[in-house]
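Down below is the structure, laid out as C-alpha cells.
The values are calculated or read from the model by the stated rules, or taken from the named source; none is laboratory data. All figures in this text were calculated on a predicted structure; none of them were measured in a lab. Every residue, glycine among them, receives a Cβ derived from its backbone with ideal geometry; neighbour counts consider all protein chains shown.
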Ligand code: URA
C-alpha cells in the first residue's frame, strides 16, 4: 500500500491558502514557500534514527540524543524545487544538496533530463527529494529513478501539492518511496496544471510570467 502522509498542520494549511491566491505577490509567495518548507521539513524528518552521545553541560555529564548516521541529502528538482530547499536548509544546515534538472515538455508533458549532480555516497544517506508540484508525476518519477540508478536506497518525496493522477502514477512507479504532501487537489487539467492548484510554482516564485 502507498505510503502517503498529508501534512495537515494548521500553519501549513493557512500558508498554503495564502500561496494559492492569485494576487499573492512574488516576494510574499517566495517567503511563504520558505516558511512552509521549514514546517514540512520538520514532519518529513520526525522519525529519523537517534543515538546517544556523551556531552558535558555546565552542571553534569550526560548521554544526550543526536541524529544518527550520515548527513541527509536534499535533492531538488530544478527549478521549482529550489524554493523548498531554502527553508529546509534553514532547519538542517548541514544537509548535503543534490540538483536534478528535469523539465516538462509543455507539448508532450514528458520529462526531459538535462542535469544531475549529487554527493557520491548517496547510497549511505537518506535522500529527501523535493518539488512543490506533483502533477503528472513524470518529473519526480524520473528524478527518483536517477537517484536510484546512482545508488540511493532510502528516498522520501516531499511536495506541496499533489494531483491524484500524479500521486497514483508516482506511487505505482516507486512504491518504496514515501510521499509527504500538504494537499491532494481535485485533478489535472488538459494543460497538466493541478486544479485548483496555485498555477506554475516556478513562475510564481521567480516572477517569470
Ligand atoms: N507544475 C506547476 O508548477 N503547476 C502545476 O499546476 C503543475 C505542474
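Within region 172-196, which residues are buried (at least 20 other Cβ atoms within 10 Å of the Cβ), part of a loop (DSSP other than H, G, I, E, B) and within 11 Å of the ligand (Cβ to nearest atom)?
Step one: filter region 172-196 for residues buried (at least 20 other Cβ atoms within 10 Å of the Cβ), giving 174, 177, 179-183, 185, 194.
Then drop every residue that is not part of a loop (DSSP other than H, G, I, E, B), which leaves 174, 177, 182, 185.
Result: 185, single match.
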Open item on the list: Looking at residue 112 and the list (1) surrounded by fewer than 24 Cβ atoms within 10 Å (Cβ to Cβ); (2) part of a strand (DSSP E or B); (3) modelled with pLDDT of 95 or more, which single condition is not satisfied?
Closed with: (3)
TODO: Answer with yes or no whether residue 75 is surrounded by fewer than 18 Cβ atoms within 10 Å (Cβ to Cβ), in contact with a strand residue (DSSP E or B) (Cβ under 6 Å, 6 or more places away or on another chain) and either at pLDDT 95 or above or at negative phi (or both).
DONE: no
- [ ] Confirm whether residue 85 is touching a strand residue (DSSP E or B) at 6+ places or on another chain (Cβ under 9 Å), buried (at least 17 other Cβ atoms within 10 Å of the Cβ), on the phi < 0 side of the Ramachandran plot and free of Cβ contacts under 8 Å to residues at least 60 places away in the same chain.
- [x] yes
